[in-house]
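Participant: Structure in C-alpha cells, see below.
The values are calculated or read from the model by the stated rules, or taken from the named source; none is laboratory data. If you're wondering where the values come from, they're calculated on a predicted model, not measured in any experiment. Quick reminder, even Gly has a Cβ in these numbers, built from the backbone with ideal geometry, and neighbours come from all protein chains shown. In case anyone asks, the SASA skips ligands and DNA or RNA and just uses the protein heavy atoms, side chains included. Shrake-Rupley method; radii C 1.70, N 1.55, O 1.52, S 1.80 Å.
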Amino acid sequence: MSSSTTSPYGGLPVGGPGPRKPLTLPRLAEMRARGEKIAMLTAYDATFAAMADAAGVDCLLVGDSLGMVCQGLPSTVGVSLETMRYHTESVARGLQRVQGAAWLIADMPFGSYQESREQALRSATVLMQAGAQMVKLEGGGWTTETVRFLVERGIPVCAHLGLTPQTVHALGGYRVQGRGEQAAAVLTEQARALQDAGATLLVLEMVPAALSATLTQQLAHCATIGIGAGQGTAGQVLVLHDMLGMNLGKMAKFVRNFMLDAPGIADALAAYVRAVKDGSFPDDAVHAW
Ligand code: KIV
C-alpha cells in the first residue's frame with residue numbers, strides 16, 4: 001500500500017513520517033546513543049532533496065558521486081568545487097521548501113583540500129556558505145590535521161575511510177578495503193585519529209562487516225555510516241540513483257533497489273528509511289563482505 005501524501009512542493013507525493021524537528025549534531029549523537037540507526041542518502045537537486053527530507057531521511061549528502069550520476073564522468077576525480085557549490089545550493093533550497101529537517105553534508109571534491117589546511121578551510125567555507133552544515137573529506141593519516149583545523153574553526157566534519165573513490169586510481173579499482181589483519185589495523189588507527197581530531201561522522205565504504213562493527217563499538221564520539229560495510233554501523237548511506245534502480249552500469253553488491261517493491265519514488269525513499277531504521281537493510285547475507 002502506498003504511504004504517499006501530496007506535498008506543497010509542486011504537488012509531488014512525499015511518503016514519510018510527517019513534520020519533524022531539524023537534525024542537529026547533538027540530535028544525531030542522541031540517535032546514535034539510543035541505538036536509532038541514521039538514514040543517509042545522497043541528493044543533488046532541490047526536488048529529490050525535498051522528497052528525501054519529507055520521507056524521513058536524516059542526513060542528505062551532496063556527494064561528489066554527482067560527477068558520475070549527473071555529469072556522466074568516469075569517476076569523482078573530475079568534479080570541481082564550483083559544481084559542488086552549485087548542487088549544494090540547489091539541495092539546500094529544496095530542503096527549505098518542505099520541512100528542512102535533514103542534516104546537510106557536502107563533499108569536498110578532489111583537489112579542494114589536499115594542498116594545505118588553509119586551502120581546505122577556503123573550500124569548506126564555499127560549501128558551508130552554499131548551505132552545507134558539515135563537509136565530508138576522504139582519507140586517513142594526512143587528513144587528520146586538516147579535520148582538526150576545520151573542526152577548531154567551527155566546521156563539522158564527516159570523515160570517509162575504506163574505499164575512497166577520489167583515490168580510485170591509487171587503490172587500483174573499486175575494491176573492498178581493510179581486509180586482513182594489517183589493513184584492518186591501519187584503518188582502525190586512522191579512524192581513531194579522525195575521531196580524536198573531531199570528526200563526528202565517519203563513512204565506511206566497502207569495508208568487511210566485522211571490521212566496521214568493531215569500529216562502531218570502539219568509536220564512542222563518532223557515528224559510523226556504512227555503505228557496503230554491513231549492518232553493524234550506526235547508520236547507512238546509499239547513492240540515490242542506485243537505490244532507485246537508476247544505475248547505468250553494474251549494480252554493486254551492497255545496493256538494494258527500493259523501487260522494485262514501491263509504487264513510486266516517495267514510497268521507495270520512505271521504504272529505505274524504514275529498512276535502515278528497522279535493520280532490515282543491509283542484509284549481511286546479501287550486501288556485505
Ligand atoms: O559521493 C558519494 O556519493 C559518497 C557516498 C557514496 C558515501 O561519498
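Participant: Kindly indicate whether any position in the range 242-249 is free of Cβ contacts under 8 Å to residues at least 24 places away in the same chain and either surrounded by 19 or more Cβ atoms within 10 Å (Cβ to Cβ) or within 21 Å of residue 139 (Cα to Cα) (or both).
Facilitator: There is at least one residue in the range 242-249 that is free of Cβ contacts under 8 Å to residues at least 24 places away in the same chain and either surrounded by 19 or more Cβ atoms within 10 Å (Cβ to Cβ) or within 21 Å of residue 139 (Cα to Cα) (or both).
Participant: Just need a number here: residues in the range 32-53 that are under 20 Å from residue 132 (Cβ atoms) and outside any loop (DSSP other than H, G, I, E, B).
Facilitator: Number of matching residues: 13.
Participant: Output the residues belonging to the range 93-102 that are open to solvent by 20 Å² or more (accessible area, probe 1.4 Å) and outside any loop (DSSP other than H, G, I, E, B).
Facilitator: 93, 96, 97, listed by residue number.
Participant: Which one is farthest from residue 33 (Cα to Cα) among residues in the range 185-208 that are among the charged types (D, E, K, R) and open to solvent by 40 Å² or more (accessible area, probe 1.4 Å)?
Facilitator: Here the residue is 189.
Participant: I need the full set of residues from the range 120-147 which are farther than 16 Å from residue 106 by Cβ and away from the ligand (no atom under 16 Å from the Cβ), in order please.
Facilitator: 141, 142, 144, 145
Participant: Oh, and also: Among the residues in the range 185-200, are any away from the ligand (no atom under 16 Å from the Cβ) and touching an Asp or Glu at 6+ places or on another chain (Cβ under 8 Å)?
Facilitator: Looking for residues that are away from the ligand (no atom under 16 Å from the Cβ) and touching an Asp or Glu at 6+ places or on another chain (Cβ under 8 Å), one finds at least one in the range 185-200, hence yes.
Participant: Still on this structure, I have one more. Does residue 211 meet the test of being open to solvent by 10 Å² or more (accessible area, probe 1.4 Å), assigned to a loop (DSSP other than H, G, I, E, B) and without any contact (Cβ under 8 Å) to a residue 60 or more places away in the chain?
Facilitator: So residue 211 does not fit the description; no.
Participant: Among the candidates 275, 285, single out the residue that is in a helix (DSSP H, G or I) and surrounded by fewer than 16 Cβ atoms within 10 Å (Cβ to Cβ).
Facilitator: Going through 275, 285 in turn, the sole match is 285.
Participant: Moving on. Please tell me if residue 113 is assigned to a loop (DSSP other than H, G, I, E, B), under 19 Å from the mean Cα position of the chain (by Cα) and either under 17 Å from residue 227 (Cβ atoms) or away from the ligand (no atom under 12 Å from the Cβ) (or both).
Facilitator: yes
Participant: Pick from 36, 82, 89, 115: which is open to solvent by 40 Å² or more (accessible area, probe 1.4 Å), modelled with pLDDT of 95 or more and over 30 Å from residue 142 (Cα atoms)?
Facilitator: Working: 82 fails: over 30 Å from residue 142 (Cα atoms); 89 fails: over 30 Å from residue 142 (Cα atoms); 115 fails: over 30 Å from residue 142 (Cα atoms).
Only one candidate qualifies: 36.
Participant: Can you tell me which residue is modelled with the highest pLDDT among those in the range 67-79 that are small (Gly, Ala, Ser) and surrounded by fewer than 18 Cβ atoms within 10 Å (Cβ to Cβ)?
Facilitator: Result: 78.
Participant: Identify all residues within the range 163-184 that are touching a residue at least 12 places away in the same chain (Cβ under 8 Å) and either open to solvent by 60 Å² or more (accessible area, probe 1.4 Å) or within 15 Å of the ligand (Cβ to nearest atom) (or both); write none if there are none.
Facilitator: So in the range 163-184, the residues touching a residue at least 12 places away in the same chain (Cβ under 8 Å) come out as 163-169, 174-179, 184.
Within the range 163-184, 163, 164, 165, 166, 167, 168, 169, 174, 175, 176, 177, 179 meet the criteria.
Participant: How many residues are touching an Asp or Glu at 6+ places or on another chain (Cβ under 7 Å) and under 15 Å from residue 200 (Cα atoms) when one looks only at the range 32-59?
Facilitator: 2
Participant: Next question. Would you confirm whether or not the range 196-213 contains a residue that is over 23 Å from residue 68 (Cβ atoms), in contact with a strand residue (DSSP E or B) (Cβ under 9 Å, 6 or more places away or on another chain) and of a type in the set (Ser, Thr, Tyr)?
Facilitator: Within the range 196-213 (the criterion being over 23 Å from residue 68 (Cβ atoms), in contact with a strand residue (DSSP E or B) (Cβ under 9 Å, 6 or more places away or on another chain) and of a type in the set (Ser, Thr, Tyr)), the answer is yes, since at least one residue qualifies.
Participant: Could you grab me the full set of residues in the range 250-272 that are outside any loop (DSSP other than H, G, I, E, B) and either open to solvent by 10 Å² or more (accessible area, probe 1.4 Å) or on the phi > 0 side of the Ramachandran plot (or both)?
Facilitator: 265, 267, 271
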